[in-house]
Amino acid sequence: MQTVRHSERTLKTALISKNPALVSQYEKLDAGEKRLMDEAFRPDSDLFGPITLHSQSDWITSHPEAPQDFEEFFSDPYRKTPSPQKHSIYIQCIGLLGNTRSISEEYVKWLKGYCEAFFYGLTVKLLEPVPVSATRCSFRINDNTQNLQIHAGQILKFLKKKKPEDAFCVVGITMIDLYPRDSWNFVFGQASLTDGVGIFSFARYGSDFYSSHYEGKLKKLQKKSSSDYSVFDNYYVPEVTSVLLLRSCKTLTHEIGHIFGLRHCQWLACLMQGSNHLEEADQRPLDLCPICLRKLQSAVGFHLKDRYKVYTYPREIATTI
(Lines give C-alpha, C1' and ligand atoms only; values in the text may rest on other atoms or scores of the structure.)
Protein backbone atom coordinates (compact mmCIF):
# COMPACT_ATOMS: atom_id res chain seq x y z
CA MET A 1 0.00 0.00 0.00
CA GLN A 2 1.32 3.44 -0.97
CA THR A 3 0.20 6.97 -0.11
CA VAL A 4 0.33 9.83 -2.63
CA ARG A 5 0.92 12.90 -0.48
CA HIS A 6 1.61 16.40 -1.84
CA SER A 7 3.16 19.33 0.02
CA GLU A 8 1.04 22.20 1.32
CA ARG A 9 2.66 24.53 -1.25
CA THR A 10 1.83 22.17 -4.14
CA LEU A 11 -1.80 21.83 -3.06
CA LYS A 12 -2.19 25.58 -2.57
CA THR A 13 -0.88 26.25 -6.06
CA ALA A 14 -3.16 23.56 -7.50
CA LEU A 15 -6.22 25.02 -5.76
CA ILE A 16 -5.60 28.77 -5.67
CA SER A 17 -3.07 29.27 -8.53
CA LYS A 18 -0.28 31.82 -8.85
CA ASN A 19 -2.28 33.81 -11.39
CA PRO A 20 -3.24 37.11 -9.66
CA ALA A 21 -6.69 37.13 -11.27
CA LEU A 22 -7.48 33.62 -10.03
CA VAL A 23 -6.01 34.37 -6.60
CA SER A 24 -8.31 37.41 -6.41
CA GLN A 25 -11.23 35.21 -7.46
CA TYR A 26 -10.42 32.81 -4.63
CA GLU A 27 -10.17 35.62 -2.10
CA LYS A 28 -13.74 36.67 -2.98
CA LEU A 29 -15.10 33.40 -1.61
CA ASP A 30 -16.77 33.92 1.74
CA ALA A 31 -15.09 32.84 4.96
CA GLY A 32 -16.99 29.57 5.24
CA GLU A 33 -16.19 28.52 1.67
CA LYS A 34 -12.50 29.27 2.14
CA ARG A 35 -12.51 27.41 5.46
CA LEU A 36 -13.74 24.30 3.65
CA MET A 37 -11.34 24.69 0.72
CA ASP A 38 -8.39 25.24 3.06
CA GLU A 39 -9.02 21.79 4.57
CA ALA A 40 -7.07 20.55 1.53
CA PHE A 41 -3.84 21.83 3.12
CA ARG A 42 -4.33 20.33 6.60
CA PRO A 43 -2.32 17.10 6.93
CA ASP A 44 -4.65 15.90 9.70
CA SER A 45 -7.90 16.92 7.97
CA ASP A 46 -10.91 14.71 8.75
CA LEU A 47 -12.55 15.74 5.47
CA PHE A 48 -9.95 15.34 2.75
CA GLY A 49 -7.05 12.91 2.85
CA PRO A 50 -4.29 11.78 0.50
CA ILE A 51 -4.77 9.18 -2.23
CA THR A 52 -4.02 5.63 -1.15
CA LEU A 53 -2.79 3.14 -3.75
CA HIS A 54 -3.56 -0.47 -2.88
CA SER A 55 -1.85 -2.24 -5.78
CA GLN A 56 0.29 -1.73 -8.88
CA SER A 57 -2.83 -2.18 -10.98
CA ASP A 58 -4.40 1.03 -9.60
CA TRP A 59 -5.11 3.82 -12.07
CA ILE A 60 -2.38 6.33 -11.21
CA THR A 61 0.33 3.68 -11.42
CA SER A 62 -0.80 2.11 -14.68
CA HIS A 63 -2.10 5.24 -16.46
CA PRO A 64 0.38 8.11 -15.97
CA GLU A 65 -1.35 11.44 -16.68
CA ALA A 66 -0.36 15.06 -16.27
CA PRO A 67 -2.28 16.45 -13.27
CA GLN A 68 -4.86 19.17 -13.92
CA ASP A 69 -4.82 22.07 -11.44
CA PHE A 70 -7.54 24.74 -11.19
CA GLU A 71 -5.70 27.21 -13.42
CA GLU A 72 -5.32 24.66 -16.22
CA PHE A 73 -9.01 23.75 -15.94
CA PHE A 74 -10.11 27.40 -15.90
CA SER A 75 -7.96 28.30 -18.91
CA ASP A 76 -8.91 25.30 -21.06
CA PRO A 77 -10.36 26.80 -24.30
CA TYR A 78 -12.08 23.53 -25.25
CA ARG A 79 -14.12 22.78 -22.15
CA LYS A 80 -17.87 23.30 -22.19
CA THR A 81 -19.66 25.48 -19.63
CA PRO A 82 -23.42 25.57 -18.96
CA SER A 83 -25.25 28.71 -20.07
CA PRO A 84 -28.77 30.08 -19.43
CA GLN A 85 -29.75 28.55 -22.78
CA LYS A 86 -28.06 25.18 -22.15
CA HIS A 87 -28.58 24.51 -18.47
CA SER A 88 -29.99 20.98 -18.29
CA ILE A 89 -28.52 17.53 -17.79
CA TYR A 90 -30.64 14.89 -19.52
CA ILE A 91 -30.65 11.22 -18.54
CA GLN A 92 -31.65 8.72 -21.22
CA CYS A 93 -32.45 5.20 -20.02
CA ILE A 94 -31.76 2.44 -22.57
CA GLY A 95 -33.60 -0.72 -21.62
CA LEU A 96 -34.79 -1.46 -18.09
CA LEU A 97 -32.52 -0.73 -15.12
CA GLY A 98 -34.53 -2.89 -12.73
CA ASN A 99 -36.23 -6.24 -13.10
CA THR A 100 -39.64 -4.55 -13.30
CA ARG A 101 -40.72 -1.25 -14.83
CA SER A 102 -41.65 0.24 -11.43
CA ILE A 103 -38.26 -0.66 -9.91
CA SER A 104 -36.51 0.75 -12.98
CA GLU A 105 -38.41 4.04 -12.65
CA GLU A 106 -37.59 4.25 -8.93
CA TYR A 107 -33.90 3.61 -9.64
CA VAL A 108 -33.77 6.39 -12.24
CA LYS A 109 -35.52 8.80 -9.87
CA TRP A 110 -32.80 8.13 -7.27
CA LEU A 111 -30.09 8.83 -9.85
CA LYS A 112 -31.86 12.01 -10.99
CA GLY A 113 -32.16 13.33 -7.43
CA TYR A 114 -28.54 12.55 -6.68
CA CYS A 115 -27.35 14.37 -9.83
CA GLU A 116 -29.49 17.40 -8.99
CA ALA A 117 -27.79 17.64 -5.60
CA PHE A 118 -24.28 16.95 -6.90
CA PHE A 119 -24.54 19.44 -9.79
CA TYR A 120 -26.53 21.89 -7.70
CA GLY A 121 -27.89 24.77 -9.76
CA LEU A 122 -28.45 22.77 -12.93
CA THR A 123 -31.70 21.12 -13.96
CA VAL A 124 -31.74 17.34 -14.38
CA LYS A 125 -34.41 15.94 -16.69
CA LEU A 126 -35.41 12.42 -17.68
CA LEU A 127 -35.98 11.48 -21.29
CA GLU A 128 -38.53 8.78 -22.05
CA PRO A 129 -36.83 5.36 -21.74
CA VAL A 130 -36.15 3.59 -25.02
CA PRO A 131 -35.46 -0.04 -25.94
CA VAL A 132 -32.12 -1.01 -27.49
CA SER A 133 -33.82 -1.32 -30.88
CA ALA A 134 -34.46 2.45 -30.92
CA THR A 135 -30.71 3.14 -31.00
CA ARG A 136 -30.12 0.93 -34.07
CA CYS A 137 -26.75 0.02 -32.55
CA SER A 138 -24.68 -3.09 -33.24
CA PHE A 139 -24.57 -5.83 -30.60
CA ARG A 140 -22.71 -9.05 -29.86
CA ILE A 141 -22.02 -11.74 -27.27
CA ASN A 142 -18.77 -11.19 -25.36
CA ASP A 143 -16.46 -14.17 -25.91
CA ASN A 144 -15.18 -14.09 -22.32
CA THR A 145 -18.34 -13.47 -20.28
CA GLN A 146 -20.97 -14.83 -22.68
CA ASN A 147 -23.05 -11.71 -21.98
CA LEU A 148 -24.79 -9.44 -24.45
CA GLN A 149 -23.04 -6.17 -25.29
CA ILE A 150 -24.09 -3.08 -27.25
CA HIS A 151 -21.84 -0.72 -29.23
CA ALA A 152 -21.04 2.41 -27.19
CA GLY A 153 -19.92 4.65 -30.07
CA GLN A 154 -23.09 4.07 -32.06
CA ILE A 155 -25.22 4.91 -29.03
CA LEU A 156 -23.35 8.23 -28.71
CA LYS A 157 -24.45 9.07 -32.24
CA PHE A 158 -28.04 8.23 -31.28
CA LEU A 159 -27.85 10.48 -28.20
CA LYS A 160 -26.36 13.36 -30.21
CA LYS A 161 -29.34 13.27 -32.59
CA LYS A 162 -31.76 13.31 -29.63
CA LYS A 163 -30.05 16.13 -27.73
CA PRO A 164 -32.64 18.78 -26.74
CA GLU A 165 -32.00 22.48 -27.39
CA ASP A 166 -31.59 23.33 -23.70
CA ALA A 167 -29.24 20.42 -22.96
CA PHE A 168 -25.78 20.96 -21.55
CA CYS A 169 -25.30 17.23 -21.91
CA VAL A 170 -27.21 13.99 -22.45
CA VAL A 171 -26.07 10.85 -20.64
CA GLY A 172 -27.37 7.43 -21.55
CA ILE A 173 -27.50 4.77 -18.83
CA THR A 174 -28.06 1.07 -19.29
CA MET A 175 -27.81 -2.25 -17.51
CA ILE A 176 -26.41 -3.87 -20.66
CA ASP A 177 -22.65 -4.27 -21.04
CA LEU A 178 -20.81 -2.04 -23.56
CA TYR A 179 -17.99 -2.42 -26.07
CA PRO A 180 -16.35 0.46 -28.01
CA ARG A 181 -14.96 -1.55 -30.94
CA ASP A 182 -14.64 -5.17 -32.02
CA SER A 183 -11.07 -5.51 -30.71
CA TRP A 184 -12.00 -4.42 -27.15
CA ASN A 185 -13.32 -6.71 -24.44
CA PHE A 186 -15.62 -4.11 -22.83
CA VAL A 187 -15.83 -0.51 -21.60
CA PHE A 188 -17.65 0.89 -18.55
CA GLY A 189 -18.60 4.01 -20.48
CA GLN A 190 -17.70 6.37 -23.28
CA ALA A 191 -18.27 10.09 -23.82
CA SER A 192 -17.81 12.80 -26.40
CA LEU A 193 -16.88 16.05 -24.64
CA THR A 194 -17.30 18.14 -27.79
CA ASP A 195 -20.82 16.79 -28.40
CA GLY A 196 -21.77 16.72 -24.70
CA VAL A 197 -23.02 13.12 -24.75
CA GLY A 198 -22.05 9.99 -22.82
CA ILE A 199 -23.18 6.41 -22.36
CA PHE A 200 -22.48 4.43 -19.18
CA SER A 201 -23.27 0.86 -18.24
CA PHE A 202 -23.91 -0.36 -14.69
CA ALA A 203 -23.97 -4.02 -15.75
CA ARG A 204 -20.63 -4.90 -14.14
CA TYR A 205 -21.58 -3.23 -10.86
CA GLY A 206 -23.97 -6.02 -9.93
CA SER A 207 -22.67 -8.42 -7.28
CA ASP A 208 -22.87 -11.49 -9.53
CA PHE A 209 -21.80 -10.23 -12.97
CA TYR A 210 -18.51 -12.11 -12.92
CA SER A 211 -20.03 -15.23 -11.39
CA SER A 212 -20.21 -18.43 -13.43
CA HIS A 213 -23.87 -18.57 -12.37
CA TYR A 214 -24.76 -15.13 -13.79
CA GLU A 215 -28.20 -15.48 -15.35
CA GLY A 216 -27.46 -13.08 -18.20
CA LYS A 217 -25.10 -15.47 -19.97
CA LEU A 218 -25.97 -16.59 -23.50
CA LYS A 219 -24.32 -19.55 -25.16
CA LYS A 220 -25.14 -18.46 -28.66
CA LEU A 221 -26.48 -15.35 -30.37
CA GLN A 222 -29.28 -16.42 -32.64
CA LYS A 223 -30.57 -13.58 -34.75
CA LYS A 224 -31.93 -13.40 -38.24
CA SER A 225 -30.25 -10.11 -39.08
CA SER A 226 -28.40 -7.13 -37.58
CA SER A 227 -31.78 -5.41 -37.16
CA ASP A 228 -33.36 -8.22 -35.10
CA TYR A 229 -33.31 -6.95 -31.51
CA SER A 230 -35.68 -9.57 -30.11
CA VAL A 231 -32.78 -11.04 -28.09
CA PHE A 232 -33.16 -8.04 -25.74
CA ASP A 233 -36.89 -8.62 -25.11
CA ASN A 234 -36.31 -10.86 -22.08
CA TYR A 235 -32.78 -9.78 -21.26
CA TYR A 236 -31.76 -10.55 -17.68
CA VAL A 237 -31.58 -7.50 -15.39
CA PRO A 238 -29.96 -7.97 -11.94
CA GLU A 239 -31.62 -7.00 -8.69
CA VAL A 240 -31.21 -3.35 -7.71
CA THR A 241 -29.37 -3.22 -4.38
CA SER A 242 -28.01 -0.36 -2.28
CA VAL A 243 -24.48 -1.32 -3.40
CA LEU A 244 -25.48 -1.16 -7.07
CA LEU A 245 -27.16 2.22 -6.51
CA LEU A 246 -24.10 3.62 -4.71
CA ARG A 247 -21.78 2.49 -7.50
CA SER A 248 -24.14 3.91 -10.11
CA CYS A 249 -24.24 7.33 -8.40
CA LYS A 250 -20.44 7.42 -8.27
CA THR A 251 -20.03 6.45 -11.91
CA LEU A 252 -22.68 8.81 -13.24
CA THR A 253 -21.34 11.90 -11.44
CA HIS A 254 -17.71 10.99 -12.20
CA GLU A 255 -18.41 10.68 -15.92
CA ILE A 256 -20.54 13.83 -16.10
CA GLY A 257 -17.62 15.55 -14.37
CA HIS A 258 -15.49 14.62 -17.38
CA ILE A 259 -18.04 16.28 -19.68
CA PHE A 260 -17.52 19.46 -17.63
CA GLY A 261 -13.80 19.18 -18.38
CA LEU A 262 -12.59 17.74 -15.06
CA ARG A 263 -9.77 15.29 -15.68
CA HIS A 264 -8.76 12.44 -13.37
CA CYS A 265 -7.76 13.81 -9.97
CA GLN A 266 -4.24 13.16 -8.69
CA TRP A 267 -4.25 15.56 -5.74
CA LEU A 268 -6.36 14.08 -2.94
CA ALA A 269 -8.85 11.27 -2.35
CA CYS A 270 -11.63 12.30 -4.71
CA LEU A 271 -14.55 11.05 -6.77
CA MET A 272 -12.65 12.09 -9.90
CA GLN A 273 -9.83 9.60 -9.32
CA GLY A 274 -9.52 7.10 -12.14
CA SER A 275 -10.23 3.44 -11.47
CA ASN A 276 -9.03 0.31 -13.23
CA HIS A 277 -11.23 -2.16 -11.40
CA LEU A 278 -14.27 -2.40 -9.17
CA GLU A 279 -12.32 -2.53 -5.90
CA GLU A 280 -10.56 0.73 -6.74
CA ALA A 281 -13.84 2.38 -7.75
CA ASP A 282 -15.41 1.33 -4.44
CA GLN A 283 -12.55 2.95 -2.52
CA ARG A 284 -13.16 6.37 -4.07
CA PRO A 285 -15.11 8.82 -1.87
CA LEU A 286 -18.53 10.04 -2.94
CA ASP A 287 -17.55 13.70 -3.15
CA LEU A 288 -14.94 15.91 -4.78
CA CYS A 289 -11.71 17.13 -3.21
CA PRO A 290 -11.45 20.94 -2.81
CA ILE A 291 -9.47 21.34 -6.06
CA CYS A 292 -12.06 19.53 -8.16
CA LEU A 293 -14.86 21.15 -6.16
CA ARG A 294 -13.53 24.60 -7.10
CA LYS A 295 -13.46 23.53 -10.76
CA LEU A 296 -17.11 22.46 -10.64
CA GLN A 297 -18.12 25.56 -8.67
CA SER A 298 -16.43 27.73 -11.30
CA ALA A 299 -18.32 25.95 -14.09
CA VAL A 300 -21.76 25.88 -12.46
CA GLY A 301 -21.65 28.90 -10.12
CA PHE A 302 -23.20 27.43 -6.95
CA HIS A 303 -22.51 28.58 -3.40
CA LEU A 304 -20.95 25.74 -1.43
CA LYS A 305 -23.28 26.08 1.55
CA ASP A 306 -26.34 25.92 -0.70
CA ARG A 307 -24.97 22.80 -2.40
CA TYR A 308 -24.25 20.99 0.86
CA LYS A 309 -27.72 21.76 2.18
CA VAL A 310 -29.13 19.41 -0.46
CA TYR A 311 -26.12 17.15 -0.98
CA THR A 312 -26.19 14.96 2.14
CA TYR A 313 -22.73 14.53 3.57
CA PRO A 314 -21.00 14.16 6.95
CA ARG A 315 -21.92 16.78 9.53
CA GLU A 316 -18.31 17.99 9.64
CA ILE A 317 -18.72 19.72 6.27
CA ALA A 318 -21.90 21.50 7.28
CA THR A 319 -20.18 22.90 10.36
CA THR A 320 -17.07 23.88 8.38
CA ILE A 321 -18.77 26.10 5.82
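The values are calculated or read from the model by the stated rules, or taken from the named source; none is laboratory data. Model, not experiment: these values are computed from the prediction. A quick note on method: Cβ atoms are made from the backbone with ideal geometry, for glycine too, and the neighbour counts reach across all protein chains shown. Note: areas computed on protein heavy atoms with side chains; ligands, DNA, RNA excluded. Shrake-Rupley method; radii C 1.70, N 1.55, O 1.52, S 1.80 Å.
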Cβ neighbours within 10 Å, averaged per peptide: list 131-144, 187-200, 82-95 in order, most packed at the top.
187-200, 82-95, 131-144
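If you take every DSSP beta bridge whose two residues both sit in the chain, what share of them, in percent to the nearest 5, is antiparallel?
Details: 12 of 32 bridges.
Here the antiparallel bridges make up roughly 40 percent for the chain.
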Residues with amide H under 5 Å from that of Leu53, placed H, sequence gap 5 or more
Gln2, Thr3, Val4
Along principal axes, largest first, the alpha-carbon spread of the chain in whole Å comes out as 64, 47, 35
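Over the range 176-306, calculate the relative contact order: mean separation of alpha carbon pairs under 8 Å at least 6 apart, over the residue count, as a percent. Could the numbers behind the result be given before it?
On the way: 120 pairs, mean separation 22.6, N = 131.
The value is 17 percent.
Could you give the Stokes-Einstein D for the range 52-190 in µm² per second, using the C-alpha Kirkwood radius, 20 °C, 1.002 mPa s?
Values: Rh = 17.5 Å.
D, rounded to a whole number, is 122 µm²/s.
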So which trypsin sites (Lys or Arg not before Pro) in the range 1-59 are both in a DSSP loop and have at most 12 other Cβ atoms within 10 Å of their Cβ?
Lys18, Lys28
Give the carbon-plus-sulfur fraction of the accessible surface of the range 1-148 in %, rounded to a whole number; probe 1.4 Å, heavy atoms of protein chains only.
52
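Viscosity 0.890 mPa s, temperature 25 °C: Stokes-Einstein D of the range 1-83 from its Kirkwood Cα radius, in µm² per second? List each step's numbers first, then the result.
On the way: Rh = 14.9 Å.
For the chosen part, D equals 164 µm²/s.
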Heavy atoms only, probe 1.4 Å: what % of the accessible area of the range 161-207 goes to carbon and sulfur, would you let me know?
50
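Could you work out the relative contact order of the range 1-100? I mean the mean sequence separation of Cα pairs under 8 Å and 6+ apart, divided by the number of residues, in percent. Each step should come with its number before you reach the end.
Details: 51 pairs, mean separation 38.1, N = 100.
Across the range 1-100, relative contact order equals 38 percent.
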Please identify every one of the GluC sites (Glu not before Pro) in the range 1-88 that sits in a loop by DSSP and has no more than 13 other beta carbons within 10 Å of its own beta carbon.
Glu65
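Could you give the accessible area per residue of the range 81-197, probe 1.4 Å, as a whole number in Å²?
On the way: 5240 Å² over 117 residues.
I get 45 Å² per residue for the range 81-197.
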Orphan Cys of the chain, criterion: no other Cys C-beta under 4.7 Å
Cys93, Cys115, Cys137, Cys169, Cys249, Cys292
Sorted on mean Cβ neighbours within 10 Å (highest first), peptides 284-291, 118-125 come out as 284-291, 118-125
Taking the chain and dividing mean pair separation by its residue count, relative contact order in percent (alpha carbons under 8 Å, at least six apart)
24
